[in-house]
1. If I take all pairs of Cα atoms in the stretch 1-46, what percentage of them are more than 17 Å from each other?
2. Can you tell me the relative contact order of the chain? Whole percent, Cα pairs under 8 Å, sequence separation 6 or more.
3. With the other protein chains left in place, how much accessible area per residue, in square angstrom, belongs to the chain at a 1.4 angstrom probe?
4. What does the charge dipole of the stretch 12-113 about its Cα centre add up to, to the nearest 20 debye, if the Cβ of each Lys and Arg holds +1 and the Cβ of each Asp and Glu holds -1?
5. Between rounded, prolate and oblate, where does the stretch 54-113 land on the alpha carbon gyration tensor, with a ≥ b ≥ c its root eigenvalues, rounded for a/c under 1.5, else prolate if a/b exceeds b/c?
6. Sort 92-99, 52-59, 11-18 by the packing proxy (mean of other Cβ within 10 Å over each peptide's residues), most packed first.
7. With the full set of protein chains in place, find how many percent of the accessible area of the chain is carbon and sulfur; take the probe as 1.4 Å.
8. Rg/Rh for the stretch 1-79 to two decimals, with Rh computed the Kirkwood way over all alpha-carbon pairs.
Amino acid sequence: MQRGYQAALTIMGRTRDFTALMACNDGSAMGAIRAIQDCGRNVPGDISVVGVDDIRFAEFIFPRLTTIRQPLKEMGRIAASTLLQRIRGEHVPEETLIQPELVTRESTASPRR
């Protein structure tokens, strides 16, 4: 959270000419929300914020955090299966695509024109 807070303060110190911020994880997004609010701006009224991971606290902060949920169980299953295939000397694809899910909550608003 601290890194997201500091990064958002740095951005806010350079420019206020943006309407959305996407953080690398939910903790950083939560820190960014706090920094934006501490700078007198409103989330999502002035700036929308999105995180990644959908941690448990994401739906309990204010505003509730919009986030990208990753299918962690599926990712773990695929990783274990791929490892076993490699151990057995079987061919495995170079890439495996997974489908994340956008979980829309209160920290984002429709774009302004």
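The values are calculated or read from the model by the stated rules, or taken from the named source; none is laboratory data. As the structure is a computational prediction, the values presented were derived from the model and not from experiment. Neighbour counts are summed over all protein chains in view; Cβ atoms, including those assigned to glycine, are modelled from backbone coordinates with ideal geometry. What goes into the accessible areas is simple: the full protein's heavy atoms, side chains included, and nothing from ligands, DNA or RNA. Shrake-Rupley method; radii C 1.70, N 1.55, O 1.52, S 1.80 Å.
1. Values: 185 of 1035 pairs.
Beyond 17 Å sits 18 percent of the P(r) for the stretch 1-46.
2. Taking the mean separation of contacting Cα pairs over the length of the chain, I get 25 percent.
3. On the way: 7850 Å² over 113 residues.
It amounts to 69 Å² per residue over the chain.
4. Details: 14 positive and 13 negative charges, 42 e Å.
Computed about the Cα centre, the dipole is about 200 debye.
5. Values: a/c = 7.15, a/b = 2.58, b/c = 2.77.
It comes out oblate by the Cα gyration axes.
6. Values: 92-99: 8.4, 52-59: 16.5, 11-18: 11.5.
Final packing ranking: 52-59, 11-18, 92-99.
7. On the way: 4200 of 7850 Å².
So the carbon and sulfur contribution to the accessible surface is 54 percent.
8. Numbers: Rg = 13.4 Å, Rh = 12.8 Å.
In the stretch 1-79, Rg relative to Rh is 1.04.
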